[in-house]
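Report on one structure; see the data block that follows.
None of the figures in this text is laboratory data; all of them are computed from the coordinates on show. Note that the structure is a prediction, hence the values are computed from the model and not measured. Every residue, glycine among them, receives a Cβ derived from its backbone with ideal geometry; neighbour counts consider all protein chains shown.
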Amino acid sequence: MSDERPRMPLSLRVNGQSIEAVIEPRTMLLDFLRDGLGLTGAKRSCDVQVCGACTVLLDGMPVSACCTLAYEARDRSVLTIEGMLQNGTLHPLQEAFLEHTAVQCGFCTSGMVLATKSLLDANVALSREEIKHYLSGNLCRCTGYWNILEAVESALKSNQESASG
Amino acid sequence: MMLGVFEIHEPQTVNEASALLAEHGEAATVYAGGTELLLLMKEGLVHYPHLINIKTIPDLDQISPDNDALRIGPLVTHWQLEHHKLVQEQASLLAEVASMIANVRVRAVGTLGGNLCFAEPHSDPATLLLAWEATLDLTSANGRRELAIDEFILDMLTTAREHDEILTGITLPLLPPHSGGGYEKFATHERPSATVAAIVQRHNGMTSEARIAVGSVGAVPVRMPEAEAILRDEMPDDAAFEAAADAVSQAVDPIDDLYGSIEYKRNIARVLTIRALTTAAERAAGNKQ
Amino acid sequence: MTDGIAKVGRSVPRVDGRVKVAGAAQFVGDMVVPGMVHGKVLRSPVPHALIKNIDSSQAEALPGVIAVLTGQDVLDIDAYYGHSIKDRPLVAIDTVRFVGEPVAAVAAEDLVTAHEALSLIDVQYEELPTVATLDEALAEDAIQLHEAASLRAGLFHGLGELKPEGNVCYHHAFERGDVSAVFDEANVVVEGEYTFPAVYQYAMEPHTVIAQHDMDSVTVWATCQHPFLVRAELADLFGLVASNVRVIVPYLGGGFGSKSYTKMEPITVALARKAGRPVRIANRVDEAMVTTRRHNMKCWMRTAASADGSLLGREVRLWLDTGAYADNGPRVVATAADAAPGPYRWQGVKVDAWGIYTNTPPAGSYRAFGAAHLTWIGESQVDEIARHAGLDRVEMRSKNLLRPGEEVRPGGKPLDADLISDIEKLARTLDWDEPKTEGVGRGLGVGLLAAGAHPVSSAIVRLEADGVATLSVSTTEMGQGARTVFSQLVAQELGLPMEQVKVLGGDTQVTPYDRSTGASRSTTLAGTAVQHAAQDVREQLLSAATQALDVPLQALSLHDGAVWHGDEMLSYPELFRRYFGLAGGELIGQGRVQPESGQGSYAEGPVFWEVCIGGAEVEVDRDTGRIRVRKLASVADVGQAINPMLVEAQEMGGTMQGLGNALFEEMLFSDGQLLNSTLLDYHVPSMEDMPDAFFSVLAENEDGPGPFGAKGVGEGSLAGVPAAIVNALGDLGIHVDELPLTPERVWRAMQAGEKEKSA
């Protein structure tokens, strides 16, 4: 079944760890992470880069892992939701999601958190409308977004305070 | 949704990429951001056993000043356009439009060149660059040629690019003093139902030059010469904008689809034209450069 | 520290919050069973055809393919299922009836091979005439999708005798008073025809099932809301004893009705049976869309009133398109009929509701079904009568709304909510009496939803010697927060800190019977069972403590994980040591809910009436027809919020889905072919679609049948919002009779209004 399929080596960093693998060129990043590495935090939902459930950060930029070739991650750094945990401790952003009841079924949560992480890392002050626009590519069907927006705003605010203080 | 088997080629030069395209013929295609291509391949609508990754060619992702123009590499992403200082300062409307494309993940990897070469009817940049009179450089092993946007985009998903040609640069002339642009987008789905780009230059309070392009309603973005003529040498006021907008609603050739009926798309094109012209004229009045 | 005293009524954090923000919560798609292979389904490209031949030999020959399942492989069993009507083969046997119907399935070592194998299966169809719309299916000479005689009742319809006829799969009607006399004498009659679209639930996690078939037993890990009903249907299909079928349900990535009853489980089990290996099938979104959807509907309604705005009569005829197979159609028909009169007092009311078969994907449950279909229609007619009578619309409703204890529909449960105080709360939230700026419209809608489903639930609480209580209950955690609310109930009754309560996931072999997770029933029904189970343990604890401390029971209290007698305390572990004589033992409590009498369920009316109240303030772009929602509000008449924050959060989600149903969402078909089968063309509300201001108001009158007077919520807001938005448009003089309110539709309504004015 598989002998004729072309293969290629892939070296990358995932959540800070160096990884060497052999993949098919057509392997999608989402399949590589979920099936290859067992990192199932990124979810498959719409599969057409609309919903954001598969969002991971590639060199800090959010991408749809469902439509990104694993090949694109070569010699680069991938952050998944599993990498947000530091020594078993949640990132303050994740704490903000908890505090504001911004989680219901949890299926969008990994992507939502990572998209927000990229916003946090940019460390720029944003209006509510700008935040909504930035996160409009991450769908949630449970919450109606209000609590997510509140969580994101509070995380951005404390991030900026700690950056300036 | 599953991709067929393919190989990825990593050319180091444009000539090398062109040669690979020539060598593999219809079995090969150019791969850049992949945001449109991989979707179609996953759907099984197209399949290419050879992807020619032009991202391995150096310097195609640069933005640089070039006399009275900006020279934009085809691999510049929407995200870069949105955030690049040169674009923000000298072609802010392009940065504005880039920020409206799809979502942040698509903007992070989608390229301007890829967007144009795909000729998806709902492309935002194509409509804007048509009004802007940007030009495109196409390069192959046989040489280089320059095309205007409307010479380049021929039909839905069809361009004048020869199979072995690579889009190597987009030249965006800087707008002259007393010019301004406006872009209006109307979307009810992920992709827009209608878009209008307008660029207006004023002289002694009058409109000296006006360029309007309408996108998304039909197969390709289209310039609106009748409407532009109505505006020229007239006061940039509501009456003129309405007259031009009426001409636009007549001139467009909408497709009846799930984005809207023909009648409704004509109406939206009219409304967006007024709004884009109003913004453009206001900005032109404020732009003393 | 007051921890341990009052858990109920407090917004404690979700018990599943940490694991979910960490991305570590397990969903079916994240699970791997040893030996598991991957399944893909081949689906029909045509809406109606006979299958002349299937040649799967090439697919079977593809290296890596383990098994190909077709209708020929299920001839040894009675392969038809359907909880209301057994009308559906688990894989097409001789006929396909909709585009997307499973025709074959492949199990392979990997997904890529399974996918490749699909293209190697050659199916020959002989196409049949189609009835792709309600009108086509109802036409006199329409072809019939099913032979009525072949249709058998399913295991769980609960709707009396089913009499399918022609393409009508179910008819439900009731009448009270002399309706035609009421209409003859009325001063004002409002009448209209209305259209409601097919809608996709979009639970973000598409249906996913892992199935393992051994000699005489089946295990499935499934995205299902009703594990015990799935178990029963699987046992029935595969000829097994129900207790030999094990259904395990981890976290669900949203349900909203799309994972109610049986969906992808039978075909996955049949494929696993043939493959002899555990198989996983995961739907894609386009497959989920053709697995189940909301019924589209057409409706005729008229309402009669006197000149002063007193409502007198209502007559309704409605046709719900249930697609090619009934799924939950009959129940949706009955619930829509129940919602049709609205929460008003009538001298005469007559409702006829039909469920109709068409060559489209089957329609089933979606949050607030029935009420979402009807509330906006009835409420727009009430608004129109208010305009005739010159009454303020809140006043109009206060004048006509049912009072607590009044009959809602013949023979059903009387009203158990204070609707007038609810809409007054809503009006205050929206500043109803404040002047509006030009171009702003306000609207509200009130409705009732028959909620609760069949009241059978059970729970077990085990308190162990370490002081930790483990709750076994089969409610599916799909985001609504059931595990958190149940933990609060157990913590409250046992005086335990929240951290010392664990809730097991649903597993029919381990956790006790629960009828279903849906119809807003879990807090009310499963919650009561949980409370009773905890109370059972509480009594045992107290009894043990009276022995251990040798004090009367009345002198004891439980809190902070200990028994207290004045200032003297005995922690539960210490109590266990004294009671059992070792560091072990456990106390087990059980709780149960069952119908009070007779048939329970539908015959006696709903467990409770869920209140559907929405309010909106909108602006309309007159040039494009685009609606901007400035304010959106709902009132959750919750009886008693066990966790107010969770109630508000769930309500806001329902409100946003209501906004999607009202403004955007519509599955578009052409000859039975779905045109917008991806999220590129099916717009689900995003963060940018949020209203400028969002209010979720709680009404807590402790008048529900659940624990501490609680009753269910979460669906009502979805039904109230479209009504509110439609009426806010009406307030601006824009009258619509079709959802969703796309800009083009609103623009056309405005054009039509202009024409009418100038004529």
(request) Could you calculate the FRET efficiency of A:Arg13 with B:Glu26 from 1/(1 + (r/R0)^6), where r is the beta carbon distance between them and R0 is 45 Å, rounded to 0.05? (result) 0.75
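What ranking do C:43-54, B:109-120 get when scored by the average of other Cβ atoms within 10 Å per residue, highest first?
Ranked by mean Cβ neighbours within 10 Å, highest first: B:109-120, C:43-54.
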(message) Please report the spacing between the Cα centers of the range C:79-102 and the range C:406-437 in Å, no decimals.
(response) 43
(request) Count, for each residue of C:194-207, the Cβ atoms from other chains sitting within 10 Å of its Cβ, then give me the mean as a whole number. (result) 3
(request) Considering the options C:Pro362, C:Thr219, C:Ala759, tell which one lies farthest towards the positive end of the dipole of the protein assembly as shown, charges being +1 on Lys and Arg and -1 on Asp and Glu at the Cβ, about the Cα centre. (result) C:Thr219
(request) State to the nearest 20 debye the size of the charge dipole of the range B:155-289 about its Cα centre, where the only charges are +1 on K and R beta carbons and -1 on D and E beta carbons. (result) 460
(message) Along the charge dipole of chain B, pointing to its positive end and built from +1/-1 on Cβ of Lys, Arg, Asp and Glu, which listed residue (B:Gln90, B:Phe241, B:Pro11) has its Cα farthest out?
(response) B:Gln90
(request) May I ask which residue of C:Ser150, C:Tyr251, C:Ala198 lies farthest towards the positive end of the charge dipole of the range C:134-256, with charges of +1 (Lys, Arg) and -1 (Asp, Glu) on Cβ and the Cα centre as origin? (result) C:Tyr251
(request) Report the label-to-label distance for C:Gln540 and C:Ala148 in nanometres (one decimal), using points 7 Å from each Cα along the Cα→Cβ vector. (result) 5.5
(message) Taking every alpha carbon pair in the range B:154-262, what does the distance histogram look like in 5 angstrom bins from 0, in percent?
(response) 2, 11, 17, 20, 17, 15, 11, 5, 2, 0
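Could the peptides A:83-90, C:708-715 be put in order, highest first, of the mean number of other beta-carbon atoms found within 10 Å of their residues?
The most tightly packed comes first, giving C:708-715, A:83-90.
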(request) With only Lys, Arg, Asp and Glu charged, each at its Cβ (+1 for the first two, -1 for the last two), find how big the charge dipole of the protein assembly as shown is about the Cα centre; round to the nearest 20 debye. (result) 1840
(request) Tell me the label-point distance for the pair C:Asp184, C:Glu586, using the 7 Å Cα-to-Cβ offset, in nm and rounded to one decimal. (result) 7.0
(request) Work out, in µm²/s and without decimals, the Stokes-Einstein translational diffusion coefficient of chain C at 25 °C, 0.890 mPa s, Rh from Kirkwood over C-alpha pairs. (result) 90
(request) Give the order of C:Met396, C:Met652 when sorted by the count of other beta carbons within 10 angstrom, beginning with the fewest. (result) C:Met396, C:Met652
(message) Can you tell me how chain A classifies by the Cα gyration tensor, rounded, prolate or oblate, using a/c under 1.5 as the rounded cut?
(response) prolate
(request) On a C-alpha basis, how far is the centre of the range B:78-103 from the centre of the range C:145-177 in Å? Whole number, if you could? (result) 59
(request) Quick one: dipole size for the range C:1-71, taken about the Cα centre, charges +1 on Lys/Arg Cβ and -1 on Asp/Glu Cβ, in debye to the nearest 20. (result) 360
(request) Return, ordered by residue number, the residues of the range B:177-219 whose backbone nitrogen is under 16 Å from a label point located 7 Å along Cα→Cβ of B:Arg232. (result) B:199-203, B:206-213
(message) Just checking the output field for C:649-656: average partner chain Cβ neighbours within 10 Å of each residue's Cβ?
(response) 6
(message) Per residue of the range C:389-398, what does 6.51 cos²θ - 1.76 cosθ + 1.60 with θ = phi - 60° give for ³J(HN,Hα)? Whole Hz please, x for Gly and Pro, Karplus curve as stated.
(response) 7, x, 9, 4, 6, 6, 4, 3, 6, 4
(request) For peptide A:61-74, compute the average count of partner chain beta-carbon atoms within 10 Å of each residue's beta-carbon. (result) 5
(message) Which lysines, if any, have their Cα less than 29 Å from the Cα of C:Lys259, not counting same-chain residues under 8 positions apart?
(response) A:Lys43, B:Lys42, C:Lys20, C:Lys40, C:Lys86, C:Lys163, C:Lys274, C:Lys298, C:Lys413, C:Lys502, C:Lys711
(message) Less than 14 Å Cβ to Cβ from A:Val152, Lys/Arg counted +1 and Asp/Glu -1: what total charge do the surrounding residues give?
(response) -4
(message) Taking the number of other C-beta atoms within 10 Å as the exposure measure, put C:Phe98, C:Phe664 in order starting with the fewest.
(response) C:Phe664, C:Phe98
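Which trypsin sites (Lys or Arg not before Pro) in the range C:607-659 pass both tests, a DSSP loop state and at most 14 other beta-carbon atoms within 10 Å?
Within the range C:607-659, the qualifying trypsin sites (Lys or Arg not before Pro) (loop, at most 14 other Cβ atoms within 10 Å) are C:Arg622.
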(request) Can you tell me which of B:224-233, C:148-157 comes out highest on packing, and rank the rest after it, using the mean Cβ neighbours within 10 Å? (result) B:224-233, C:148-157
(request) Please give the FRET efficiency for C:Glu191 paired with B:Glu242, using the beta carbon to beta carbon distance and R0 = 56 Å, rounded to the nearest 0.05. (result) 0.90
(message) If R₀ is 25 angstrom, what is the calculated FRET efficiency for the pair C:Glu140 and C:Asp671, using the beta carbon separation as r and rounding to 0.05?
(response) 0.75
(request) Would you work out the relative contact order for the range B:97-158, in percent, from Cα pairs under 8 angstrom that are 6 or more residues apart? (result) 31
(request) List every residue whose amide H lies under 5 Å from the amide H of C:Arg152, counting only residues 5 or more places away in sequence or on a different chain, with H placed 1.01 Å from N in the peptide plane. (result) C:Lys86
(request) Could I have the simple spin-label model distance between C:Gln72 and C:Val241, label points 7 Å from Cα toward Cβ, reported in nm to one decimal? (result) 3.5
(message) Using only alpha-carbon positions, what ratio does the radius of gyration of the protein assembly as shown give when scaled by 2.2 N^0.38 Å?
(response) 0.95
(request) List every residue whose amide H lies under 5 Å from the amide H of C:Ala693, counting only residues 5 or more places away in sequence or on a different chain, with H placed 1.01 Å from N in the peptide plane. (result) C:Lys631, C:Leu632
(message) Quick check: residue separation of B:Gln62 and B:Met100 times 0.36 nm, minus the Cα distance between them. What number comes out in nm?
(response) 11.6 nm
(request) Work out, in µm²/s and without decimals, the Stokes-Einstein translational diffusion coefficient of the range A:1-73 at 25 °C, 0.890 mPa s, Rh from Kirkwood over C-alpha pairs. (result) 194
(message) Quick check: Cα centre of the range C:359-375 to Cα centre of the range B:251-276, how many Å?
(response) 33
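Calculate, in nm to one decimal, what B:Glu133 and B:Gln88 gain on full extension: separation in residues at 0.36 nm each, minus their alpha carbon distance. Walk me through the intermediate numbers first.
Working: separation 45, 0.36 × 45 = 16.20 nm, distance 1.85 nm.
In short, 14.3 nm is gained.
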